[in-house]
Amino acid sequence: MDVAITASSPGAVPSSPNTGPSVNNLDEARRAQARKDAEDAQRRIEEQRAEETRQAQARQASRNSNGEVIGTTVSTTA
């Protein structure tokens, strides 16, 4: 059985014209969410750059004055 909601169906039309969010409120909510998303994305980028910087500094700190890696032993056997 198919059910269709028409203008004559109870509940198809709000009881008063001011019920529910207005278009302006929805637009503002979308703009606010877009701002929040952009701020979150920027924060993630900054956190990623900071982590990459920390890792680069850690790699650099593990080298001696000649640029050789300290603490890594490479051995070969014949």
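I'd like to verify a number: residues in segment 52-78 that are in contact with a strand residue (DSSP E or B) (Cβ under 8 Å, 6 or more places away or on another chain) and either β-branched (V, I, T) or at pLDDT 95 or above (or both), how many? Step through it out loud before you land on a result.
Taking segment 52-78 as the starting set, the residues that turn out to be in contact with a strand residue (DSSP E or B) (Cβ under 8 Å, 6 or more places away or on another chain) are 62-63, 69-70.
So of that shortlist, the ones also either β-branched (V, I, T) or at pLDDT 95 or above (or both) come out as 69-70.
The qualifying residues number 2.
If R49 satisfies every condition in (1) exposed (fewer than 10 other Cβ atoms within 10 Å of the Cβ); (2) at pLDDT 95 or above but one, which is the exception?
Condition not satisfied by R49: (1).
Suppose the filter is aliphatic (A, V, I, L, M), open to solvent by less than 100 Å² (accessible area, probe 1.4 Å), at pLDDT below 65 and not in a helix (DSSP H, G or I); does A7 pass it?
So A7 passes the test.
The values are calculated or read from the model by the stated rules, or taken from the named source; none is laboratory data. Treat the numbers as computed from the prediction; the structure is a model and nothing was measured. No Cβ is skipped: glycine too gets one built from the backbone with ideal geometry, and neighbour counts run over all protein chains shown. These accessible areas exclude ligands, DNA and RNA; they are computed on the full protein's heavy atoms, side chains included. Shrake-Rupley method; radii C 1.70, N 1.55, O 1.52, S 1.80 Å.
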